[in-house]
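Before any comments, here is the structure.
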There are 2 protein chains.
Amino acid sequence: MNHYQPRTDDMFFILQQVLQAPAQLQELPDFGPAGTAVDTELMRQVLDEAGKFVGDVVAPLNRAGDQVGARWQDGVVTMPPGFRDAYQAFWQGGWPALSAASEDGGQGLPAVLEAMLYEMLSAANHGWTMAPGLLHGAYECIRHHASDELKARYLSKIATGEWLATMCLTEPHAGSDLGLCRSRAVPQADGSYRLSGTKIFISGGEHDLTDNIIHLVLARLPDAPPGPKGLSLFLVPKFCPDGSRSAVVCERIEEKMGLHGSPTCVMRFDEASARIVGEPGKGLNAMFVMMNAARLHVGLQGIGLLEAAWQKADAYAQERRQMRAPGARRAADPSHGASVPADARAAASAGAPLTPSPIAEHPAIRRILDTQRAWIDAGRVVAYRTALELDIAHRHPDAKRRAAASRWCALVTPVLKAAWTDQAFQGASACLQVFGGHGYVSEWGIEQIVRDARVAMIYEGTNEIQAIDLLLRKTLPDGGAAMADLLGDLAADLAGRGGAAATVVAHLEAFSRFLRERLLPRVAAPDAPADLPYWLADDFLRAVGLLLQAWAWARISNAPGCDPYAAAGTAFWRWIWPESSMRLAMMEATLAA
Amino acid sequence: MNHYQPRTDDMFFILQQVLQAPAQLQELPDFGPAGTAVDTELMRQVLDEAGKFVGDVVAPLNRAGDQVGARWQDGVVTMPPGFRDAYQAFWQGGWPALSAASEDGGQGLPAVLEAMLYEMLSAANHGWTMAPGLLHGAYECIRHHASDELKARYLSKIATGEWLATMCLTEPHAGSDLGLCRSRAVPQADGSYRLSGTKIFISGGEHDLTDNIIHLVLARLPDAPPGPKGLSLFLVPKFCPDGSRSAVVCERIEEKMGLHGSPTCVMRFDEASARIVGEPGKGLNAMFVMMNAARLHVGLQGIGLLEAAWQKADAYAQERRQMRAPGARRAADPSHGASVPADARAAASAGAPLTPSPIAEHPAIRRILDTQRAWIDAGRVVAYRTALELDIAHRHPDAKRRAAASRWCALVTPVLKAAWTDQAFQGASACLQVFGGHGYVSEWGIEQIVRDARVAMIYEGTNEIQAIDLLLRKTLPDGGAAMADLLGDLAADLAGRGGAAATVVAHLEAFSRFLRERLLPRVAAPDAPADLPYWLADDFLRAVGLLLQAWAWARISNAPGCDPYAAAGTAFWRWIWPESSMRLAMMEATLAA
């Protein structure tokens, strides 16, 4: 079984030819000639080295991660074979610190490079990647909210990844509804707290990858009001500064559908010594810094897992021969991506007995493969651009540009998270189908991707929560203004471009009109049921996701060197885009009900 | 964790109120007053007893089936705890023989009762059910094709299920393309054969459930032509009539994504003593008798698995409370299926602090639950009717009615198999989503259903093969005549009914027109690419499946006592049916390309 190998050429094509990322980044003082000078050459070099590390060191451990898995005994978690060594090489190589500030021990590189690294890592080994996956969010959280004393003690350890971190949010009865959390933190005379409670679904709550683990924990002060406004954030290290062990223990790890390489821990805090991070009652705010970074990463996981599944299915479909593919003429058309050997074409025209074709030439299989490529390529455009906008939001000298970038991140992140993790699971399942019965058997590794990918639809906010976030929290409250601006920006970005650009602009305008003239007035009408937008949310998110993909395909098909992407572009318009009218019809029916 | 419990009231509603099955069956001489007299009371009684057996005996073993699984050692397969006892009770209770002829030791009951039994069994324990799942097909195969000598020896053993049977088709290099099979059978002087070869993916190839196992094996005679026409069918028992062990051995069992309760065997035949079944070179014909029965059963597995997933998700959604559901007013509307306790309504109107709602009241969750119910209820209408048509095809005195019934079975079986197994996987995954993170954890049992269900999209012909079967083999060759007749029959069946019936008739007519005026002429045009219909097949099958569902919902909503099904019916029209226009748009785009 071949494991995933990063295809950095494809990734770089999106970054450079489609998004012109190096040029954009150099407009930021930090990355211009006066700063780190993030030019094409540097980005390519970082990407190639990352690809080498991921392909050589991380990817080969994926199978053992699934089959051996993380093991728990008496509170101690042993990671699968090779995981610790790979992690030690990872942080010592400076990879977790890629986009951390240089004063904290980081490399000060753009977020988009970190995003691309995490796409590769997730494709290579989703389970292993869970460990460093929360690191950057924890770094930002401590950096922006912790006291100087805590920063001095923990910031560079987290920035460099020498120590790993967790987010301890969920409790047995409090999942999507964090306001129900019951963990309590009691203030002590010395300014510290004693924290007690049980947290579940804690990824990497315990492991042997690093010498210390830093837990960021939501809990309530004794006098806190009920609900989400009563939550504060606390820091509990596995080992205290004096070397003593904290009163926090991993009670067990969950048996799961997949992701066996990542221990999902039940963590019990028994009056553990804790420090507050940020202000009392502002725990959710501080946590959401982590959450937003995490949601972009989960979207990238979706893209990476889909790429890993596609690589397996594509390789199998080139090798496996079953029946003669119909229509050699059509199959030879490069717009369908199949390659028919010359001898097969000659045999076909001579009426000679035909050998079975590689299944890659059968229409049903081509459709599956090209459709996944369409999601992957467009997903990269959307995700890398979101990461670029993160850099712009933090570093651009122009406040208006920063605001537009923040708007992009706020609106696009939930769409990316939900639509691309849905597709990672559906598309990995479609790739499994390419293998026929062999896909259901563990040895080919494709079924592991399906099982692993399933969790990404749930964690960091279920995909249904993302849809509610997009429509109820980010679109309706300002009367659709931000969303209209985003749609307008996308249309403006396509002005003057060729190919499908004009069609996409028309679709963007039609959706703006639907939002302005149909959805918003109906939802705001005095007789509208209070739950009406909740019935619309899932379809709304899908529709926005399809528009983002259409925009991405208009950009790809206008980029120099886009010919190899033509089959995927055709697949987008034929088999993905038609969902858009369906979602509009569903929303219209709901509005009319 | 509660296990599945058959809800025979719901099943019987479809059988009796929607399909009027007892009345239809009594038109058949075998089941009329002069025959077995299959009336409402008898059918209800059989169903209730079956439900009791399935719920009490088979369902409780499902979890051990997954966790312990079938074990292989040195060619011997040990089934999970309790499986053998349950199987022995099953066959001794006469269940496998439900629809076998009484002269063969069967009960001579209609196929539709057997179908309903298998839906329940699949819901209860997919792995266990694989063992008897092929029995009826093997029975029909031996009954119609085997010599009298073989029948005397094996028919009643198979009819009663005292011995189990396998279908040995697939070889490592020959999956969907059985013509590539290489197993060979060499004739012997005594009229027997020596069969050699390796078969893979043999469900129940070895186990400890029964004292003997009868293998039906595709292989080639030495002088056979290459391809599918060179295949003959052979019978190889595990134990020969003289008590000696045959030269067939289970080399290993596969490690799989799910279905751990069913050993998927690699079977090696080393000059095993074999008997031919039917004529040389007609092996595929004889095998297809088994295959068609098997495909209906796989469709029923889809329905059963989806029901099992829905039961779990529904129960969880009633218990689990997270956040206050929006719009108590709407949630109280019974057309959305939610039940809001009176005290919550009172609290809402009084402005009192609100307790979190059961998640069943949240729109995103209701949509998931009601959509699955829509698939299940309509699936039962389509599947039970198909089983009824099987009985009619075999037993109706009128040749024209028999022909119409055969047409129904030929055209509807691949749709049922593909569309409802796709939905079993997608819908079980949606039900998993209802649990949030808990769904990904094994203890709730929902992730097992997702893993188990995935295989049904592959075996007995992948769903892509079903689509090719429907369009390429069953619709195009007669110029669409049979399909047009089926659509016409469905429309005629709705004539004079109320509710959505007239709308469905219009949809059926529109699709007929599309087939007649757009699809058929374009595919038959001299310049049409040879592979054009292959690009259409998947969408064509989906479109037919949606029309069958629409027909089913028109029937359900016209049945007495249909009120409890209203929420599912609304879900069908709002969230399932809109896919129909999308599929037509995809086909139009393909035809225009």
Out of B:Ala185, B:Ala165, B:Ala219, report the one residue that is among the small types (Gly, Ala, Ser) and without any contact (Cβ under 8 Å) to a residue 60 or more places away in the chain. B:Ala165
Can you run down the residue pairs with Cβ atoms below 7 Å, 6 or more apart or on separate chains, where the first is in the range B:434-452 and at positive phi and the partner is at pLDDT 95 or above and surrounded by fewer than 20 Cβ atoms within 10 Å (Cβ to Cβ)? B:Gly445/B:Arg63
Taking only pairs six or more apart or across chains, which ones have beta-carbon atoms under 8 Å, a first residue in the range A:71-87 that is at pLDDT 95 or above, and a second residue that is basic (Lys, Arg)? A:Trp72/A:Arg252; A:Val77/A:Arg71; A:Thr78/A:Arg71
Per the list (1) in contact with a helix residue (DSSP H, G or I) (Cβ under 7 Å, 6 or more places away or on another chain); (2) within 18 Å of B:Asn285 (Cα to Cα); (3) surrounded by fewer than 23 Cβ atoms within 10 Å (Cβ to Cβ), residue check on B:Leu209 breaks on (2)
Within the range B:449-479, can you find the residues that are within 14 Å of B:Ala410 (Cβ to Cβ) and not in a helix (DSSP H, G or I)? B:Gly461, B:Lys474, B:Thr475, B:Leu476, B:Pro477, B:Asp478
Can you tell me how many residues in the range B:89-112 are in a helix (DSSP H, G or I) and either at positive phi or among the acidic types (Asp, Glu) (or both)? 2
Keeping to the range B:419-477, report how many residues are closer than 13 Å to A:Val450 by Cβ and surrounded by fewer than 24 Cβ atoms within 10 Å (Cβ to Cβ). 1
Before we move on, is A:Glu251 farther than 21 Å from A:Ser156 by Cβ, acidic (Asp, Glu) and assigned to a loop (DSSP other than H, G, I, E, B)? no
Can you tell me which residues in the range B:493-522 are buried (at least 19 other Cβ atoms within 10 Å of the Cβ) and either free of Cβ contacts under 8 Å to residues at least 24 places away in the same chain or over 28 Å from the mean Cα position of the chain (by Cα) (or both)? B:Val505, B:Leu519
B:Ala174, sole failed condition from (1) under 30 Å from A:Thr355 (Cβ atoms); (2) in contact with a helix residue (DSSP H, G or I) (Cβ under 9 Å, 6 or more places away or on another chain); (3) crowded, with 18+ Cβ neighbours inside 10 Å; (4) touching a residue at least 12 places away in the same chain (Cβ under 8 Å): (4)
Of all residues making up the range A:557-593, the number that are part of a loop (DSSP other than H, G, I, E, B) and within 11 Å of chain B (Cβ to nearest Cβ): 3
Could you go through the range A:71-88 and let me know if any residue there is of a type in the set (Phe, Trp, Tyr), part of a loop (DSSP other than H, G, I, E, B) and either more than 30 Å from A:Glu251 (Cα to Cα) or touching a helix residue (DSSP H, G or I) at 6+ places or on another chain (Cβ under 8 Å) (or both). no
Test set (1) within 15 Å of B:Val248 (Cβ to Cβ); (2) among the aliphatic types (A, V, I, L, M); (3) under 22 Å from the mean Cα position of the chain (by Cα) - B:Val217 fails condition number: (3)
Just one of A:Ala23, A:Ala59, A:Ala64 is surrounded by fewer than 16 Cβ atoms within 10 Å (Cβ to Cβ) and either hydrophobic (A, V, I, L, M, F, W, C) or touching a His at 6+ places or on another chain (Cβ under 6 Å) (or both); which is it? A:Ala23
Can you tell me how many residues within the range A:525-545 are more than 24 Å from A:Gly299 (Cβ to Cβ) and in contact (Cβ under 8 Å) with a residue 12 or more places away in the chain? 2
Residue identified as under 22 Å from the mean Cα position of the chain (by Cα) and more than 24 Å from B:Arg373 (Cβ to Cβ) among B:Phe53, B:Phe31: B:Phe53
Can we say A:Trp72 is of a type in the set (A, V, I, L, M, F, W, C) and within 20 Å of A:Pro6 (Cα to Cα)? no
Picking from A:Gly499, A:Gly545, the residue that is at pLDDT below 95, within 23 Å of A:Arg367 (Cβ to Cβ), away from chain B (no Cβ under 14 Å) and out of contact with any Asp or Glu (no Cβ under 7 Å at 6 or more places or on another chain) would be A:Gly499
Only one of B:Leu306, B:Leu259 that is outside any helix (DSSP H, G or I), at pLDDT 95 or above and either basic (Lys, Arg) or surrounded by 24 or more Cβ atoms within 10 Å (Cβ to Cβ) (or both): B:Leu259
Name the single residue that is farthest from the other protein chains (Cβ to nearest Cβ) among those in the range A:286-303 being touching a residue at least 40 places away in the same chain (Cβ under 8 Å) and surrounded by fewer than 21 Cβ atoms within 10 Å (Cβ to Cβ). A:Val289
Can you pull out the residues in the range B:523-557 that are over 29 Å from B:Ala383 (Cβ atoms) and touching a helix residue (DSSP H, G or I) at 6+ places or on another chain (Cβ under 8 Å)? B:Val523, B:Ala528, B:Pro529, B:Ala530, B:Asp531, B:Leu532
Those residues of the range A:440-455 which are aromatic (Phe, Trp, Tyr) and more than 10 Å from every other protein chain (Cβ to nearest Cβ), in sequence order: A:Trp444
From the list A:Ala165, A:Ala124, exactly one residue is within 25 Å of the chain's Cα centre (by Cα) and more than 21 Å from A:Ala272 (Cα to Cα). Which is it? A:Ala124
Residue, surrounded by the fewest Cβ atoms within 10 Å (Cβ to Cβ), within the range A:262-278, restricted to residues that are in contact with a Phe, Trp or Tyr (Cβ under 7 Å, 6 or more places away or on another chain) and among the aliphatic types (A, V, I, L, M): A:Val277
Does at least one position in the range A:467-475 carry a residue that is facing chain B (nearest Cβ under 10 Å) and small (Gly, Ala, Ser)? yes
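The values are calculated or read from the model by the stated rules, or taken from the named source; none is laboratory data. Fair warning: this is a prediction, and the values are worked out from it, not measured in the lab. So basically every Cβ, Gly included, is an ideal-geometry build from the backbone, and we count neighbours across all protein chains shown.
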